[in-house]
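J.: The structure's right below; bear with me while I get my questions together.
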Amino acid sequence: MQTGLPLLLEVTQLVATLALVVPGLHFAFGAYARHHRPGWSRTLERRRFAILLMLVCAVTAIQIGEDVLDGDSHPLDHAILLFIHRQVSGPMMDFFELMTLSGSSKVLVPMTVAGTIALLAARKRFEAALLASSVMLGALLIYAIKSLVGRPRPQLWETETYWGSSFPSGHTLAVAAFATAAVLCAVRIRPALRTPASIIGLTWIALVGLSRLVLGVHWPTDMLVAACLGAFIPLAISVAHELQVGNRTEG
């Protein structure tokens with residue numbers, strides 16, 4: 001396991017990659033739009049934060065995912081899991097098991113169906129499509145990656161058995177897709193909800209991800225990549241839709 005200077009160099013490399021690649025991609029995308037898609041200009045300016053967040057998620061997932069595919073284990077994976085295991089007491093386990101349940105298909109599928117029907121009833125067709133497609137694409141991505149990547153689950157202590165490989169965290173990815181889509185829908189319908197909706201969404205994603213670590217069934221890097229991939233899906237759908245609308249309006 002890497003420690004000390006190697007760990008510092010690895011963290012520095014990730015931060016440097018984000019600091020260099022994300023602004024570069026954003027600039028290149030903006031330059032392309034100015035010369036070839038002038039109808040995108042307003043959308044790119046209005047959705048600057050969403051686009052930057054989308055790029056951060058994509059670059060982080062790719063950077064860490066490459067190490068996982070190469071068979072490398074991040075130096076903090078073991079240390080974080082063991083630290084969490086020592087800190088979480090018996091009574092707290094019930095709470096984290098409940099958080100894991102909130103990220104399961106038993107909860108997310110009914111919530112997605114109910115949310116989609118409610119949005120359709122309110123004549124919010126795009127929002128309904130955003131919520132439903134984000135969760136469905138997230139589920140397909142979970143199945144595809146777990147089937148292709150055979151990363152063993154942690155075996156640092158006795159845990160419950162789950163389907164598939166450790167990478168990525170299916171619960172975290174699914175919740176990130178649902179929560180991010182729900183926040184985007186809420187903001188589109190009522191912009192004043194941006195802050196409270198974002199706080200609730202981020203807290204839910206973080207707690208579900210943490211619960212998977214508490215239960216010892218995922219590595220921290222599984223959870224981080226899953227959160228990035230899950231958030232990327234609805235962000236990409238939303239931005240792509242607005243770019244299409246902006247281009248059509250300009251035309």
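J.: Look through the range 215-238, keep the residues that are more than 24 Å from His26 (Cα to Cα) and hydrophobic (A, V, I, L, M, F, W, C), and return whichever of them is surrounded by the most Cβ atoms within 10 Å (Cβ to Cβ).
T.: So, considering only residues that are more than 24 Å from His26 (Cα to Cα) and hydrophobic (A, V, I, L, M, F, W, C), the one surrounded by the most Cβ atoms within 10 Å (Cβ to Cβ) is Trp219.
J.: Going residue by residue through the range 114-129, is there one that turns out to be of a type in the set (Phe, Trp, Tyr), at pLDDT 95 or above and farther than 19 Å from Trp204 by Cα?
T.: yes
J.: Of all residues being in contact with a Ser or Thr (Cβ under 8 Å, 6 or more places away or on another chain), crowded, with 22+ Cβ neighbours inside 10 Å and of a type in the set (A, V, I, L, M, F, W, C) in the range 184-214, which is farthest from Ala58 (Cα to Cα)? Just the residue, please.
T.: Looking at residues that are in contact with a Ser or Thr (Cβ under 8 Å, 6 or more places away or on another chain), crowded, with 22+ Cβ neighbours inside 10 Å and of a type in the set (A, V, I, L, M, F, W, C), I get Val208.
J.: Given the conditions (1) part of a helix (DSSP H, G or I); (2) closer than 23 Å to Leu18 by Cβ; (3) in contact with a Gly (Cβ under 9 Å, 6 or more places away or on another chain), which single one is not true for Pro168?
T.: The single condition Pro168 does not satisfy is (1).
J.: Ok, one more. State all residues of the range 36-92 that are surrounded by fewer than 13 Cβ atoms within 10 Å (Cβ to Cβ), polar (S, T, N, Q) and assigned to a helix (DSSP H, G or I); if no residue qualifies, say none.
T.: Within the range 36-92, Gln87 is the sole residue that qualifies.
J.: Against the definition (crowded, with 17+ Cβ neighbours inside 10 Å and either modelled with pLDDT under 95 or among the small types (Gly, Ala, Ser) (or both)), how does Val175 come out, yes or no?
T.: no
J.: Does Glu242 satisfy being in contact (Cβ under 8 Å) with a residue 12 or more places away in the chain, surrounded by fewer than 23 Cβ atoms within 10 Å (Cβ to Cβ), of a type in the set (D, E, K, R) and in contact with a helix residue (DSSP H, G or I) (Cβ under 7 Å, 6 or more places away or on another chain)?
T.: So Glu242 fits the description; yes.
J.: Only one of Leu98, Leu130 is under 21 Å from Cys228 (Cα atoms), in a helix (DSSP H, G or I) and of a type in the set (A, V, I, L, M). Can you tell me which?
T.: Of the residues listed, the single one that is under 21 Å from Cys228 (Cα atoms), in a helix (DSSP H, G or I) and of a type in the set (A, V, I, L, M) is Leu130.
J.: Hey, among Val245, Val217, Val239, Val183, which residue is touching a Lys or Arg at 6+ places or on another chain (Cβ under 7 Å) and either of a type in the set (Asp, Glu) or closer than 19 Å to Ile51 by Cβ (or both)?
T.: Step by step, each of Val245, Val217, Val239, Val183 is checked, and only Val239 is touching a Lys or Arg at 6+ places or on another chain (Cβ under 7 Å) and either of a type in the set (Asp, Glu) or closer than 19 Å to Ile51 by Cβ (or both).
J.: How many of the residues in the range 103-127 are surrounded by 14 or more Cβ atoms within 10 Å (Cβ to Cβ) and part of a loop (DSSP other than H, G, I, E, B)?
T.: So the count comes out to 3.
J.: Which ones in the range 148-167 are within 19 Å of the chain's Cα centre (by Cα) and polar (S, T, N, Q)?
T.: Result: Ser165, Ser166.
J.: So Ala33 fits all but one of (1) closer than 30 Å to Ser147 by Cα; (2) free of Cβ contacts under 8 Å to residues at least 40 places away in the same chain; (3) buried (at least 16 other Cβ atoms within 10 Å of the Cβ); what number is the exception?
T.: The number of the failed condition is (1).
J.: If I filter the range 33-43 down to residues being under 27 Å from the mean Cα position of the chain (by Cα) and not β-branched (Val, Ile, Thr), which single residue comes out as modelled with the lowest pLDDT?
T.: Checking each candidate, the answer is Ser41.
The values are calculated or read from the model by the stated rules, or taken from the named source; none is laboratory data. Just so you know, these numbers come straight off a predicted model, no measurement behind them. Every residue, glycine among them, receives a Cβ derived from its backbone with ideal geometry; neighbour counts consider all protein chains shown.
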